[in-house]
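*Asks:* Dumping the structure here so I can ask a few things about it.
Only the coordinates and a few stated rules stand behind these numbers; no lab work does. What you see is a predicted model; the values in this text were computed from it and never measured. Because the Cβ atoms are built from the backbone with ideal geometry, glycine has one as well, and the counts that use them run over all protein chains shown.
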Amino acid sequence: MSARVRRALLILLISAAALSGCATWSAHGVSVRPPRKLRVAILPVTQDFKLSKLSSIETIPQGLDLSHMPPAEQKKMTEKAMAADLVWIRQSLDERFSRTYAYEVVPDSEVLEGLRQEGLSPESDLWGLKPAKMKSLAQRMKVDVILKSRLGGYGKLKSVWLAGVMAADYAENGVTGFAVAAASGNPWAGIGTGALETVLDTVKWIGALWFTNRLFVPVILKGELVSGADGRGLASNMETEMNFEIFGHDKTFDKYPLEQRKLKQVRLKVVANKAIDDMAVYFDGQALKNEGGF
């Protein structure tokens, strides 16, 4: 990349940064003042995908042929296994956040009772709740903040996820093309650069989706921390973790017997634990940045 192109990109980035604002948590009625911890209610985990096969999240035992099972029964079995994993992820979030610097986790029974009083259930669309409803829910549970989380991928990535990633890359390619055109004074140079990058990214991501769904165990866990004072978001984060299905070795599996390390359900839990740990560290860090309310 030439010096002129880098200079043009730098100007664009500086302009974007100048236009974007950064509100502190105190602007949303949340004050981090140790040694008092923030009371956080961790809502049941939701998912934005549907599983069609149990094999996406569990290794089917040898000798068990599900093809002879009625589709309705297979679906019920898959949904039951997925529901159990969602409960486990939520419990793991509770346990991990209880060890953070900034948060005191509200007991599960209080969260469920708060949901019931608001006419909600663990199966409700908790991720899509409006600020007014989040505020009302927080007041019922007497919490400072609410953590809502959603699985965007679990054992398999969706094509929709790929579309989102590709759209972000395409937007970046457009910026690059504009920068090249501005720096060179030749609009066709910018168009050519943007088009070439777009073609290369398309090939890359389509290949990556095929490769990932067959050789990796992916987990995509998105979390958003919401203010209990106004029901609006304080911080959000997307954690993406992957682990090889048939290649490589990870020391985190050493505690499992050799025959269990190849089981997809074991690998998913190990990978999900990494995403959960990263999320707790991230939101703990966000609280530290807002310590003192400034």
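*Asks:* Given the pairs K75/K269; K80/K255; K75/K156; K76/K135; K80/K264; K37/K289, which span a C-alpha to C-alpha distance of over 24 angstrom in this model?
*Replies:* K80/K255; K76/K135
*Asks:* Quick one: which residues, 5+ away or cross-chain, put their amide H under 5 Å from the amide H of I42? H built at 1.01 Å from N.
*Replies:* V106, L147
*Asks:* Let me check I've understood the local charge: for F283, count other residues with C-beta under 11 angstrom from its C-beta, Lys and Arg +1, Asp and Glu -1. What total comes out?
*Replies:* Once positives and negatives cancel, what remains is -2.
*Asks:* Something else now. Quick check on the range 30-110: take the gyration tensor over C-alpha atoms, sort the square-rooted eigenvalues as a ≥ b ≥ c, and tell me if it's rounded (a/c under 1.5), prolate or oblate.
*Replies:* Verdict is prolate for the range 30-110.
*Asks:* For Q74 and S98, compute 0.36 nm times the residue count separating them, minus their Cα-Cα distance, and round to one decimal in nm.
*Replies:* Extra length from Q74 to S98 when fully extended: 5.0 nm.
*Asks:* According to a simple spin-label model (label point 7 Å from Cα along Cα-to-Cβ), what is the distance in nm between Q265 and D284?
*Replies:* 3.0 nm
*Asks:* Shape of the range 64-138 from its Cα gyration tensor (a ≥ b ≥ c, root eigenvalues): rounded if a/c is under 1.5, otherwise prolate when a/b > b/c, or oblate?
*Replies:* Because a/c hits 1.5 or more and a/b fails to exceed b/c, the range 64-138 counts as oblate.
*Asks:* Describe numerically, in nm with one decimal, the distance between label points set 7 Å from Cα along Cα→Cβ at S236 and at A84.
*Replies:* Computed distance between label sites S236 and A84 equals 3.2 nm.
*Asks:* How far apart, in nanometres, would the label points at K50 and T252 be if each is projected 7 angstrom from Cα along the Cα-to-Cβ direction?
*Replies:* Inter-label distance under the simple model: 3.0 nm.
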